[in-house]
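*Asks:* I have a structure here, written as structure tokens, and I will follow up with some questions on it.
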Amino acid sequence: MTALTRLSLTDFRNYASLTLPLDGRHVCLYGANGAGKTNLLEAVSQLGPGRGLRSSTLPDMARSGSAGSWTVAATLADEHKVGVTLDTSGGSSKRVVRLDGAPSTATELAEIVRIVWLTPNMDGVFRGSASDRRRFYDRLVLAHTPSHASASSRYERAMRERNALLERGHVDPAWADAIETRLAESGAEIAINRAHVMDSLQAAIEARPEGHFPKADISLEGAAEQAATRGDDFKSIFEMLAETWRTSRRRDMAAGRTLEGPHRSDLAVIHRPTGAPAKDASTGQQKALLIGLILASATALKAERDGPPPLLLLDEAAAHLDPDRRAALFDEICALGGQAWLTGTEKFLFDSFGDRAQALHVADGTVTAEN
Ligand SMILES: Nc1ncnc2c1ncn2[C@@H]1O[C@H](COP(=O)(O)OP(=O)(O)OP(=O)(O)O)[C@@H](O)[C@H]1O
Ligand SMILES: [Mg+2]
């Protein structure tokens, strides 16, 4: 099972040096505002691919006043030892990954540690912009398919090159062809990743119990994703995208940017009990729907690989739920297995976990276990 039995931090955010007394159960962090609870979840999120739970830059996470490097190291229940360091020696900053004492890669680490999170920032995702939803969904895709990160950065790089070319006002066709080929390769990969995760997510939504966290009907809006959902192969999606961009150069030049492609796709979400778009649901309904989606994503990760359930990081999820929903959430978390990390300002929020979780008090850069 994926669970941390030890977590230690050096110069990470407000923690100079910290080793958490973990026993492998779920972890409930409680303490005052500003105590450092979210910082701990952010530290755990560094063990997964991407920039972590706050999408901060690597240097931002270094403790103010420290030399600039930081380390997050953990022991897993299966005895693997993993660590991520921001190394600032030699003038540059680079992320260094270690696995069982030897240098490793983010990709190798991603095979061992899977992480899904929910933060208060995501609360507005259904009402927000398409780009908010795309980012939210791509984060889920990344947890399933770590190579999604490199496809996304290749796509963004090629997109910047194409936009720069369009801005010149005169497009050299051979040059544009070359850029659009790279754009279409990474774009097709992105669309296929998104569609693949959508399949597992939909299956996991159906498999979840009816109850306090309503089901969502979700789909991807975007020509390439829809083609991938229909089962079109890489080559035909690649050709479709390349053709789209080849024939829209003049229009895109007038607009000053690339108007179509997977960077414009959206996630459509329907609140199944009412049949209405999620953006029209009440605040509480949206939160419950979001929790349901995150739980489904964790279930999908477990099912897809027939592997251990992921680490689940839930920042301030408990505070906004009534006691029945809180108890239902904790029951679902326990049924999922793995290890969940939850935060809240008060210890009583976690009472219905009983002895299925350990409570840790967070105050000013120190963390104490409760007996
Ligand atoms: N790079 C940094 N170096 C030192 N301290 C930092 C750094 N970044 C953030 N902090 C401090 O960490 C604290 C915030 O921690 P965090 O967001 O984890 O609090 P929290 O316990 O989650 O609070 P809340 O209940 O309000 O969400 C703040 O006091 C902030 O000043
Ligand atoms: Mg917080």
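*Asks:* Which residue pairs have Cβ atoms under 7 Å apart, sit 6 or more places apart or on different chains, and have a first residue in the stretch 55-69 that is within 19 Å of G91 (Cβ to Cβ) and open to solvent by 30 Å² or more (accessible area, probe 1.4 Å) and a second that is more than 9 Å from ligand 1 (Cβ to nearest atom) and small (G, A, S)?
*Replies:* L58/S93; P59/G68; P59/S93
*Asks:* Quickly run through the stretch 328-354 and pick out the residues that are charged (D, E, K, R), more than 22 Å from P209 (Cα to Cα) and in contact (Cβ under 8 Å) with a residue 24 or more places away in the chain. Spell out how you get there, then give the answer.
*Replies:* So the first thing to find is which residues in the stretch 328-354 are charged (D, E, K, R), and the list is 331-332, 346-347, 351.
Filter once more, so that each one left must be more than 22 Å from P209 (Cα to Cα): 346-347, 351.
Of everything in the stretch 328-354, those that are charged (D, E, K, R), more than 22 Å from P209 (Cα to Cα) and in contact (Cβ under 8 Å) with a residue 24 or more places away in the chain turn out to be E346, K347.
*Asks:* For the stretch 225-243, give me each residue that is over 13 Å from S265 (Cα atoms) and either surrounded by fewer than 17 Cβ atoms within 10 Å (Cβ to Cβ) or touching a Cys at 6+ places or on another chain (Cβ under 7 Å) (or both).
*Replies:* Result: R230, G231, D233, F234, K235, S236, E239, E243.
*Asks:* Among the residues of the stretch 351-364 satisfying the criterion of being in contact with a helix residue (DSSP H, G or I) (Cβ under 9 Å, 6 or more places away or on another chain) and over 17 Å from D23 (Cα atoms), which is least open to solvent (accessible area, probe 1.4 Å)? Write out each step before concluding.
*Replies:* Restricting attention to the stretch 351-364, the residues satisfying the condition of being in contact with a helix residue (DSSP H, G or I) (Cβ under 9 Å, 6 or more places away or on another chain) are 351-354, 356-357, 359-362.
Narrowing further to those that are over 17 Å from D23 (Cα atoms): 351-352.
Working: D351: 104, S352: 55 Å².
Looking at the filtered set, the residue picked out is S352.
*Asks:* Out of everything in the stretch 112-147 that is polar (S, T, N, Q) and in a helix (DSSP H, G or I), what residue ends up being farthest from S69 (Cα to Cα)? Give the steps one after another, and end with the answer.
*Replies:* Quick first cut of the stretch 112-147, residues polar (S, T, N, Q) only: 119, 121, 129, 131, 145, 147.
Adding the requirement that they be in a helix (DSSP H, G or I) leaves 121, 131.
Working: N121: 27, S131: 32 Å.
Selected residue: S131.
*Asks:* Quick check on E304: is it within 16 Å of ligand 1 (Cβ to nearest atom) and open to solvent by 50 Å² or more (accessible area, probe 1.4 Å)?
*Replies:* Working: within 16 Å of ligand 1 (Cβ to nearest atom): no; open to solvent by 50 Å² or more (accessible area, probe 1.4 Å): yes.
Taking the combined requirement at face value, the residue does not satisfy it.
*Asks:* Might you let me know whether the stretch 97-108 holds any residue that is farther than 20 Å from A296 by Cβ, surrounded by fewer than 17 Cβ atoms within 10 Å (Cβ to Cβ), in contact (Cβ under 8 Å) with a residue 24 or more places away in the chain and among the β-branched types (V, I, T)?
*Replies:* Yes - at least one qualifying residue is present in the stretch 97-108.
*Asks:* Can you tell me which residues in the stretch 3-21 are closer than 14 Å to V113 by Cα and open to solvent by less than 10 Å² (accessible area, probe 1.4 Å)?
*Replies:* A3, L4, L7
*Asks:* A follow-up question, please. Within 16 Å of ligand 2 (Cβ to nearest atom), surrounded by 14 or more Cβ atoms within 10 Å (Cβ to Cβ) and within 25 Å of the chain's Cα centre (by Cα): does that describe L342?
*Replies:* Values: within 16 Å of ligand 2 (Cβ to nearest atom): yes; surrounded by 14 or more Cβ atoms within 10 Å (Cβ to Cβ): yes; within 25 Å of the chain's Cα centre (by Cα): yes.
It is true that L342 is within 16 Å of ligand 2 (Cβ to nearest atom), surrounded by 14 or more Cβ atoms within 10 Å (Cβ to Cβ) and within 25 Å of the chain's Cα centre (by Cα).
*Asks:* If a residue must be closer than 18 Å to K81 by Cα and free of Cβ contacts under 8 Å to residues at least 60 places away in the same chain, how many such residues does the stretch 5-16 contain?
*Replies:* Kept after step one, since they are closer than 18 Å to K81 by Cα, are these residues of the stretch 5-16: 5-10.
Still in the list and also free of Cβ contacts under 8 Å to residues at least 60 places away in the same chain: none.
Residues that pass the stated criteria total 0.
*Asks:* Further question on the same structure: Regarding the stretch 23-33, can at least one residue be identified that is away from ligand 1 (no atom under 14 Å from the Cβ), within 18 Å of D78 (Cβ to Cβ) and at pLDDT below 95?
*Replies:* Checked against the condition, which is being away from ligand 1 (no atom under 14 Å from the Cβ), within 18 Å of D78 (Cβ to Cβ) and at pLDDT below 95, the stretch 23-33 yields at least one hit.
*Asks:* Report whether or not G261 is at pLDDT 95 or above and at positive phi.
*Replies:* On the way: at pLDDT 95 or above: yes; at positive phi: yes.
Judged against the criteria, G261 is a match.
*Asks:* Starting from the stretch 185-212, keep only residues that are of a type in the set (G, A, S), then list their pairs with residues that are not in a helix (DSSP H, G or I) whose Cβ atoms are within a distance under 6 Å, requiring at least 6 positions of separation or different chains.
*Replies:* The qualifying pairs are G187/G261.
*Asks:* Further question on the same structure: Out of curiosity, is A143 crowded, with 19+ Cβ neighbours inside 10 Å, at pLDDT below 95 and in contact with a strand residue (DSSP E or B) (Cβ under 8 Å, 6 or more places away or on another chain)?
*Replies:* For A143, the condition - crowded, with 19+ Cβ neighbours inside 10 Å, at pLDDT below 95 and in contact with a strand residue (DSSP E or B) (Cβ under 8 Å, 6 or more places away or on another chain) - is met.
*Asks:* Give the residues of the stretch 152-173 that are farther than 19 Å from S131 by Cα and either open to solvent by 70 Å² or more (accessible area, probe 1.4 Å) or in contact (Cβ under 8 Å) with a residue 40 or more places away in the chain (or both), sorted by residue number. Even if it seems obvious, please write down each step before you answer.
*Replies:* Initially, the stretch 152-173 is screened for residues farther than 19 Å from S131 by Cα, giving 161-162, 164-173.
Those that are farther than 19 Å from S131 by Cα and either open to solvent by 70 Å² or more (accessible area, probe 1.4 Å) or in contact (Cβ under 8 Å) with a residue 40 or more places away in the chain (or both): R162, L166, E167, R168, G169, H170, V171, P173.
*Asks:* Could you list, in sequence order, all residues of the stretch 60-75 that are within 17 Å of P21 (Cα to Cα) and in contact with a helix residue (DSSP H, G or I) (Cβ under 7 Å, 6 or more places away or on another chain)?
*Replies:* Across the stretch 60-75, the qualifying residue is only V72.
*Asks:* Among (1) open to solvent by 60 Å² or more (accessible area, probe 1.4 Å); (2) over 30 Å from D324 (Cβ atoms), there is one condition Q202 misses while meeting the rest; what is its number?
*Replies:* It fails just one condition, (2).
The values are calculated or read from the model by the stated rules, or taken from the named source; none is laboratory data. This structure is a prediction, so every number in the text was calculated from the model and none was measured. Virtual Cβ from ideal backbone geometry, glycine too; neighbours counted across all protein chains shown. Surface accessibility is based on the protein's heavy atoms, side chains included, excluding ligands, DNA and RNA. Shrake-Rupley method; radii C 1.70, N 1.55, O 1.52, S 1.80 Å.
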